[in-house]
Amino acid sequence: MGRSRDDSVVKTHQRSCALFQSSRNQASTLELHLANRLDRDTSGVMVITKSHKVASVLVKAFTNHKVQKTYVAFCIGSAPKSERITIKSGHGRSKFGAWRVYAAGDVGRKLPGGSIVRDMETTFEVLSINGQQNYKEQSECMEDEEHSIVVEEKAVTDVDANKDEILVRAFPRSGRTHQIRLHCQYLGFPIRGDVKYEGVYEWKGRTYDAHELHAESLTFQHPVTGFPLLIQAPLPLWASQALQLLTD
């Protein structure tokens, strides 16, 4: 786990499947507060503060969607036809307790367990398909080239569809549990290794015990100074190798 810091914020890089422990002496001499969380297999940026007050400010910023987040994911599935896709849907528990995508029209509906269907929105930018950079750079993408999807029905899986290798950058506009993983599954290109959401476990003779999703960056106002703050995490090997192919 790598990290850097200023006087109030510690920027931490979580590696996939990382487990954290601290001794009693460490806990008694330095009090730290976690401002955001990542799934166990997700690598990338985490923010830890040295002040409960600062942590409260940051947690509120995350809750109110004031933090801009980018992720990178390696997916296997049917390649999208658009270079940018925005998907809007509902998010909630299934009758079996697992998280799932609901229709956008279900937002606000009360579920049997007492929870409420929440709104969920993610924009995806396709970086490469099968190692080829087929689309424009992010700065060259125009809004009218973006394809918007409003979920109104359950996705239908095409078992005979082509299986492409797709590298995407995700911009979650909301902060729902497993949001990017759920939307990748719905769009037909689940994340490699994400067996919970139909991702392949074995690919080209290799097995994948963890999903390939990386929290690339966070942008927010510094809780003390108010200045814009950009925090980036080093890319994991699978992502750096995929991006290197685009520049060779």
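The values are calculated or read from the model by the stated rules, or taken from the named source; none is laboratory data. Remember, it's a predicted structure, so these values are computed and weren't measured experimentally. Virtual Cβ from ideal backbone geometry, glycine too; neighbours counted across all protein chains shown.
For region 67-85, the count of residues that are modelled with pLDDT under 90, out of contact with any Cys (no Cβ under 6 Å at 6 or more places or on another chain) and in a strand (DSSP E or B) is zero. Of all the criteria given as (1) at pLDDT below 90; (2) surrounded by 11 or more Cβ atoms within 10 Å (Cβ to Cβ), the one not satisfied by residue 143 is (2). Elements of the type strands (runs of 3 or more DSSP E) sitting completely within region 159-242 and holding at least 1 residues that are buried (at least 18 other Cβ atoms within 10 Å of the Cβ), at pLDDT 95 or above and of a type outside the set (D, E, K, R): these cover 164-172, 213-221. What number of residues within region 52-107 satisfy the criterion of being over 30 Å from residue 128 (Cα atoms), surrounded by fewer than 15 Cβ atoms within 10 Å (Cβ to Cβ) and not β-branched (Val, Ile, Thr)? Residues that pass the stated criteria total 11. Residues in region 163-178 that are under 30 Å from residue 61 (Cα atoms) and in contact with a Phe, Trp or Tyr (Cβ under 9 Å, 6 or more places away or on another chain): 167, 168, 169, 170, 171, 172, 175, 176, 177, 178. It is to be established whether one or more residues within region 205-218 are more than 14 Å from residue 43 (Cβ to Cβ) and touching a residue at least 24 places away in the same chain (Cβ under 8 Å). So far as region 205-218 goes, no, none of its residues is more than 14 Å from residue 43 (Cβ to Cβ) and touching a residue at least 24 places away in the same chain (Cβ under 8 Å).
Looking only at residues in region 25-45 that are assigned to a strand (DSSP E or B) and at pLDDT below 90, the one that is nearest to residue 238 (Cα to Cα) is 34. Within region 169-189, the only residue that satisfies the criterion of being in contact with a Ser or Thr (Cβ under 9 Å, 6 or more places away or on another chain) and among the β-branched types (Val, Ile, Thr) is 180. Within region 33-61, the set of residues being out of contact with any Cys (no Cβ under 8 Å at 6 or more places or on another chain), without any contact (Cβ under 8 Å) to a residue 40 or more places away in the chain and within 20 Å of residue 174 (Cα to Cα) comprises 34, 35, 37, 55, 56, 59, 60.
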